[in-house]
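The values are calculated or read from the model by the stated rules, or taken from the named source; none is laboratory data. Here the structure is a predicted model, which is why all the values come from computation and not from measurement. Glycine gets a Cβ as well: all are built from the backbone with ideal geometry, and neighbour counts include every protein chain shown.
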Ligand code: IPM
Ligand code: MG
């Protein structure tokens, strides 16, 4: 059965690394019978320029209809002055919200050939394999009230609201518990229950679900301590579940433990419908990297590994996902390195190295 994906290359290095990911999909079509219809849409700054908004309602509708969205990255200095309501980032925030993509899975793995690329000592990060499950449709990113207001005395005030209800906490926690069951059976829930009521509710409610997962050991940590522990001894973690803002911060930190932001993929999943179909979006953790855009030197591995996650979680192609992931490791073992990894390969040459490793 043929499946449809919506490809949104985005801005900056987005289209450059997406090209390499699509070559991997082409290889799978030629050699493994992958039957995929690929649609394409503009998002972010590219869509602001061509369509007047970071994402059009038509693109949102096409994303909803697709089996998965393969997302590039958005943003860049060119669109910085366009105003808060017309910024490229609205594209990804709208897709998360409109498609109900509440569980953002952000793995941080250290590949053995790259153990020296991290700024942390090899002994601290060798074999690292953690999964951050970041809630991605709630919290302070979307809470009301929000805005900038001017008080009677002329003072201006910016307002955002951190809010979580038990339904939101429960559905993301269950995703994290289930993932922990398939991995190291350890789940660490992260909030600021010592300061925030939303964090206290988060802790109480996650705790109340633990009985459904007797094989998983649940622990709790304050977000500030978690940041410190990630830098001190990251291998103590298996799965981390946390809210939107803390997850944003902690996943950037975790990704840098691995040596390069250019390596890490992510998947964002919604709730399965009655037929088991689940809205989903796949994107690299890195941004659009305007400083190196257009030079053809960005590392395409995060986009390629995001594509592997898509094969596994949305397209029932786990074997293909493994083939791609193994090819990435093989390319690294053979010494393939883009600049972020201390090498000299271009984006295209790194794509070539993965294709060569595919066989
Ligand atoms: C991320 C990014 C986004 C976020 C931005 C681009 C809106 O930092 O996916 O981590 O804050 O969620
Ligand atoms: Mg971020």
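Kindly provide the set of residues from the range 95-111 that are touching a residue at least 60 places away in the same chain (Cβ under 8 Å) and in a helix (DSSP H, G or I), ordered by number. Those that are touching a residue at least 60 places away in the same chain (Cβ under 8 Å) and in a helix (DSSP H, G or I): 95, 96. Could you look through the range 259-284, keep only residues that are buried (at least 23 other Cβ atoms within 10 Å of the Cβ) and within 15 Å of ligand 2 (Cβ to nearest atom), and pick out the one that is farthest from residue 13 (Cα to Cα)? Result: 268.
Of everything in the range 299-316 that is touching a strand residue (DSSP E or B) at 6+ places or on another chain (Cβ under 7 Å) and over 16 Å from residue 355 (Cβ atoms), the residue that is surrounded by the most Cβ atoms within 10 Å (Cβ to Cβ) is 310.
The residue of the range 285-298 that is farthest from residue 93 (Cα to Cα), among those that are in contact with a strand residue (DSSP E or B) (Cβ under 8 Å, 6 or more places away or on another chain) and away from ligand 2 (no atom under 16 Å from the Cβ), is 297. Of the residues 158, 184, 139, the single one that is at positive phi and either within 16 Å of ligand 1 (Cβ to nearest atom) or not assigned by TED's automatic domain parsing to the domain that holds residue 325 (or both) is 139. Checking 61, 117, 152 one by one, the residue that is part of a helix (DSSP H, G or I) and either surrounded by 18 or more Cβ atoms within 10 Å (Cβ to Cβ) or free of Cβ contacts under 8 Å to residues at least 24 places away in the same chain (or both) is 61 and no other.
Please work out if residue 278 is within 20 Å of residue 115 (Cβ to Cβ), free of Cβ contacts under 8 Å to residues at least 40 places away in the same chain and more than 15 Å from the chain's Cα centre (by Cα). It is false that residue 278 is within 20 Å of residue 115 (Cβ to Cβ), free of Cβ contacts under 8 Å to residues at least 40 places away in the same chain and more than 15 Å from the chain's Cα centre (by Cα). Of all the criteria given as (1) surrounded by fewer than 18 Cβ atoms within 10 Å (Cβ to Cβ); (2) under 30 Å from residue 120 (Cα atoms); (3) more than 10 Å from ligand 1 (Cβ to nearest atom), the one not satisfied by residue 252 is (3).
Among the residues making up the range 178-187, those that are assigned to a helix (DSSP H, G or I) and in contact (Cβ under 8 Å) with a residue 40 or more places away in the chain are 179, 180.
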